[in-house]
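Let me begin by presenting the structure, written as structure tokens, before commenting on it.
The values are calculated or read from the model by the stated rules, or taken from the named source; none is laboratory data. Computed from a prediction, not measured in an experiment: that's the story for all the values here. Cβ coordinates were reconstructed from backbone atoms using ideal geometry, including for glycine residues, and neighbour counts include every protein chain displayed.
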Amino acid sequence: MDARQRTRRNFLTALSLGGLGLTGFATRVRAWAGETTAAGTQPAATGSTGHAAAGAPAPVKPQPVTPHGATSASPATTASPPPSPTPMRLISNSGGEETPITMPVQALLRLMEGNQRFALNQTTTLNESPQRRAALAKIQAPFATIFGCVDSRVPPELVFDRGLGDLFVIRTAGHVIDSAVLGSLEFGVEELHIPLILVMGHERCGAVKATLDLVSKGGRANGDIQALVNGIRPAILATLNTEGDAVERAVVANTQATVTQLKRTPILSEAVANGRVMIVGGRYDLDSGIVTIIG
């Protein structure tokens, strides 16, 4: 098995989507949300969603959101045959047309397609042409919000192989939430109608490690760095007496806690309850380049 085959195997294993693998996940997502009936109801073959596949409670049945990339000639709302279990089609972002996103799970699938390309070293030419810049000069319509860490090794546009105008990115050390972050996330949902928020933690997070050291030894961080410590501390305390690598445990707990915190805010919780938005957590592996859905 060569290096590329090992990377692909690791990607499919690490995806953590109910044991489906990427192809199975794509088929299940399309069966669950890719086609709607004329009455606006979902097909019978519902399958796992991004939430359920990650072990979280299944969300309520989503309602269609404003299509991203749709034109005035919108697709017909008549029922279509269930998708066949064929290998996933990797969508190029190098200038070709993309299928409009009408459901949050479709946005998640598009993100994971891009991460697969990145992890396999099969990235496209990013959509950053003069024509793309001109098209975005007057309007933006990103299909996903990435709330992640400031770490220079985790640039979302590269990790998900996306171009200009595709992602709405918010970053703080350890993805700690404050009022500016929350307002930005709410702006993305309310004004830009973004259907997906992915909270992305990562392997060997320096902010998490520094907080772990402070909590273990006692003491206080300098200046406003203490605000980061205060935000990450609950995840450290929740995992202090559990087995395994302390930093890794805290990274996962911190990501999951951030997802939970966002789901409890008034605007975002309403959007989730109405099926307009999905909020999920992910962990980026610095070595493999793989993003794993963790909650």
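What are the residues in the stretch 245-295 that are under 15 Å from Ile197 (Cα atoms), in a helix (DSSP H, G or I) and touching a strand residue (DSSP E or B) at 6+ places or on another chain (Cβ under 7 Å), if any? Within the stretch 245-295, Thr255, Gln256, Thr258, Val259, Leu262, Lys263, Leu268, Val272 meet the criteria. For the stretch 267-288, the criterion of being of a type outside the set (Val, Ile, Thr), in contact with a Leu (Cβ under 6 Å, 6 or more places away or on another chain) and farther than 23 Å from Arg153 by Cα is met by at least one residue.
Give me the residue from the stretch 255-295 that is among the hydroxyl-bearing types (Ser, Thr, Tyr) and within 15 Å of the chain's Cα centre (by Cα) and, out of that set, nearest to Ala207 (Cα to Cα). Per the stated criteria, the residue is Thr255.
When Pro75, Pro156, Pro104, Pro130 are checked against the criterion of being modelled with pLDDT of 50 or more and in contact with a Pro (Cβ under 9 Å, 6 or more places away or on another chain), Pro104 stands alone in meeting it.
Going by what's in this entry, would Gly188 be described as within 16 Å of the chain's Cα centre (by Cα), under 23 Å from Thr123 (Cβ atoms) and crowded, with 18+ Cβ neighbours inside 10 Å? No: the conditions fail for Gly188. Within the stretch 151-184, take every residue that is out of contact with any His (no Cβ under 9 Å at 6 or more places or on another chain), over 27 Å from Glu97 (Cα atoms) and aliphatic (A, V, I, L, M) and give me the one that is surrounded by the fewest Cβ atoms within 10 Å (Cβ to Cβ). The residue in question is Ala180.
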